[in-house]
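Taking it in order: structure first as structure tokens, then the write-up.
Every number here is computed from the coordinates shown, using simple stated rules; none is lab data. Everything quoted here is computed from the prediction, not taken from an experiment. So basically every Cβ, Gly included, is an ideal-geometry build from the backbone, and we count neighbours across all protein chains shown.
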Amino acid sequence: EKGTYAHYMLKEMDEQPAVIRNIIQHYQNENGDIELTEGVRSLVSEADRIYIVACGTSYHAGLVGKQLIERVAGVPTEVHVASEFGYNMPLLTEKPLFLFISQSGETADSRAVLVEVKKRGYKALTLTNVAGSTLSREANETMLLHAGPEIAVASTKAYTAQIAVLAILAYDIARANGKKLPFDLMTELARVATIMDSVMAQKEIFEQLADKFLKESRNAFFLGRGMDSYVGLEGALKLKEISYIQAEGYPGGELKHGPIALIEDGTPVITLVSQPNTHLNIRGNIKEVVARGAVACTISMEGMEHESDSFVLPRVEPLLTPLVTVLPLQLISYYAALARDCDVDKPRNLAKSVTVE
Ligand code: M6R
């Protein structure tokens, strides 16, 4: 039930710190070590490449997951949109593992891929929020998101839960392969939960930003580089699905290859600046769009901030920034939809789970 909350989406955004703490509890043993089932461990240990398959927000979590698995665990990983997989079937390695990411566990496009790969005798692991869902039952193994029911059509807490669980999976594979771990994951996740609390306590700021930048606009851009570009895609999806503002997420460097032609006086450009290796280049992109009339709403991270930024987040390990950078984008989208009198929890033309191909 949504209790005192005006919308499920607001409640579910607010639940994110608790979900992260819940995930830590479920995946950590008494010694503070990551604990996965033997079934999951043996599946991933046999794989020479991981093929992530998902749709929508879960696909965006998969993009972050690929970076986590490759950079932390060193296992080659690809990410595919489920509905395209059949036409653009990648060359498979000898021992592929299919990793399905799905909040509902019922998405028909993802299930079609699962049916096909099982027919070919390949193994599958499903990351889902719903125990007993179709994708969970039909895969060899399941990792649960422990996010609690997600009712709003716009997915929020499932996204952050998926990224946290993907990070845990990446760390477990890395440990099994004797890799040096870049930082203590569970400690950093606990810190992330505290930072999430602090962002959620400042909602009025994002309400004001939504009013200022998006209330009256027809379109918007979300820019970022590296990890930030993936989160920008998620921000654009959130905004378009609930506020009906046309939104595009772009890697900063792609701007000059076409989309910059769309920038005119007053075009809102929402930019994330959280990656130490890209922050100087993305600042250059902000200057380019502002010079063409764009209004810049910049969400940055401590150590990379600028006095003109709209919001500065506390510093988080670069591999985990999506867990916190997505919050301002979720909140801005929510308040933009409210300001435009949209039905936040049940946007037009959309269903919570898409059970047709
Ligand atoms: O249940 P799933 O994670 O498989 O759903 C996938 C997409 O349909 C879903 O993420 C959709 O994009 C959301 N409405 C985004 O907010």
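Laid out as a table, the results:
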| read-out | value |
| --- | --- |
| Residues of type aspartates and glutamates that LYS287 reaches as a straight line, Cα spacing below 16 Å, ignoring anything fewer than 8 places off in the same chain | GLU254, GLU264, ASP265, GLU305, GLU307, ASP309 |
| Given LYS118/LYS179; LYS157/LYS352; LYS118/LYS157; LYS212/LYS240; LYS2/LYS352, the pairs whose alpha carbons are separated by over 20 Å | LYS118/LYS179; LYS118/LYS157 |
| Helix 185-200 vs. the chain, principal-axis angle (Cα, 0 to 90°, nearest 10) | 30 |
| Charge tally in the Cβ shell below 11 Å around SER274, where Lys, Arg are +1 and Asp, Glu are -1, SER274 excluded | -2 |
| Surrounding net charge for THR37, when Lys and Arg each add one and Asp and Glu each subtract one, Cβ distance under 12 Å | -3 |
| 0 to 90° range, to nearest 10: angle between helix 322-339 axis and the chain longest Cα axis | 50 |
| Eligible lysines near LYS180 by straight Cα distance, threshold 28 Å, same-chain separation 8 or greater | LYS66, LYS95, LYS123 |
| With Cα atoms, 0 to 90° folded angle of helix 227-243 axis to the chain main axis | 70 |
